[in-house]
Amino acid sequence: MSSLFVNPKDHGDRAAYDAVLTKTLEHHEVGLVCLAGFMRILSPVFVRAWQGRLMNIHPSLLPAFPGLHAQRQALDHGVRIAGATVHFVDEGVDTGPIVLQAAVPVEATDTEETLAARILIEEHRIYPEAVRLFAEGRLHVTGRQVSIR
Ligand code: NHR
């Protein structure tokens, strides 16, 4: 196992950075790209190149509360149930086909931090599960639908 940091500051604009990312991932023969705490919107060119091989985990029950500060958005909205979503990434923001979701209760006493911690437990469960299903070749995407076979 090894890791590599590609610093956006070493590369010009978004498209240039994404091109370097693709080259690097191809060089290492990466089969699945998993975003985790990745805070930069990826360009359409990158997303198309990795379509069906690019996943994200988002701390809400999508399509509710896409984008930044999902747990804050959920509290502000007053929902009783929150959660996490693993999805394939498309050109929108947190809009791609949904692979797995898990729900957690929102408690009256919750802060952004306590809710985020409860959601994180589920993230740590469903993200590896989604990766395993992908690796086993069991995920099949048809339009917005992901079937698990
Ligand atoms: N890229 C694409 N094309 N589609 C998605 O669904 C993506 C993506 C890149 C990242 C993760 C997502 C999340 O889980 C993700 C999904 C960053 C932003 C954002 O607005 C939005 C969603 C997510 C991550 N980023 C700002 C930007 O201009 C920068 C914000 C900042 O630096 O604080 O890139 O939440």
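Of all the accessible heavy-atom surface of the range 1-111, with the other protein chains kept in place and a 1.4 Å probe, what percent is carbon and sulfur? Reported share for carbon and sulfur atoms: 57 percent.
Modelled spin-label separation between GLN101 and PHE38, with each label point placed 7 Å from Cα along the Cα-to-Cβ direction: 2.3 nm.
Once backbone amide H atoms are built at 1.01 Å from N, VAL99 has VAL86, HIS87, PHE88 as its partners under 5 Å, excluding neighbours fewer than 5 places away on the same chain.
Evaluating 6.51 cos²θ - 1.76 cosθ + 1.60 at θ = phi - 60° for every residue in the range 92-108, the Karplus couplings come out as x, 9, 6, 10, x, x, 7, 9, 9, 9, 9, 9, 9, x, 9, 8, 4 Hz, glycine and proline recorded as x.
Applying the Karplus relation 6.51 cos²θ - 1.76 cosθ + 1.60 with θ = phi - 60° to the range 124-133 yields 3J(HN,Hα) values of 5, 8, 7, 5, x, 4, 5, 5, 4, 4 Hz, where x marks Gly and Pro.
What is the dipole size for the range 1-90, taken about its Cα centre, with +1 at each Lys and Arg Cβ and -1 at each Asp and Glu Cβ, in debye to the nearest 20?
Roughly 180 debye, rounded to the nearest 20.
When you restrict to C-alpha pairs under 8 Å that are six or more residues apart and normalise by the size of the range 58-125, the relative contact order lands at 34 percent. Taken as Cα centroids, the range 1-70 and the range 83-149 sit 16 Å apart, rounded to the nearest whole angstrom. Each peptide in 34-41, 87-94 was scored by the mean count of other Cβ atoms within 10 Å over its residues; highest first, the order is 87-94, 34-41.
Find the accessible area per residue for the chain; the probe is 1.4 Å, ligands and nucleic acids are left out, and the unit is Å².
On a per-residue basis, 60 Å².
For the range 36-149, the Cβ-based charge dipole about the Cα centre amounts to some 480 debye (Lys, Arg positive; Asp, Glu negative; other atoms uncharged). Residues SER43, SER3, SER147, ordered by accessible area of protein heavy atoms at a 1.4 angstrom probe radius and largest first, appear as SER3, SER147, SER43. Taking K and R as +1 and D and E as -1, what net charge do the other residues with C-beta under 13 Å from the C-beta of THR114 add up to? Neighbour charge sum, excluding THR114 itself: -2.
Considering only protein heavy atoms, with the full assembly of protein chains and a 1.4 angstrom probe, order ASP13, ASP18 by accessible area, largest first. Write out the running numbers ahead of the final one.
Numbers: ASP13 95, ASP18 5 Å².
Final ranking, largest accessible area leading: ASP13, ASP18.
The values are calculated or read from the model by the stated rules, or taken from the named source; none is laboratory data. From a predicted model like this one, the values you see are computed outputs, not experimental measurements. Note: ideal-geometry Cβ built from the backbone for every residue, glycine included; neighbour counts use all protein chains shown. These area figures cover heavy atoms from the full protein model, side chains too; ligands, DNA and RNA do not enter into them. Shrake-Rupley method; radii C 1.70, N 1.55, O 1.52, S 1.80 Å.
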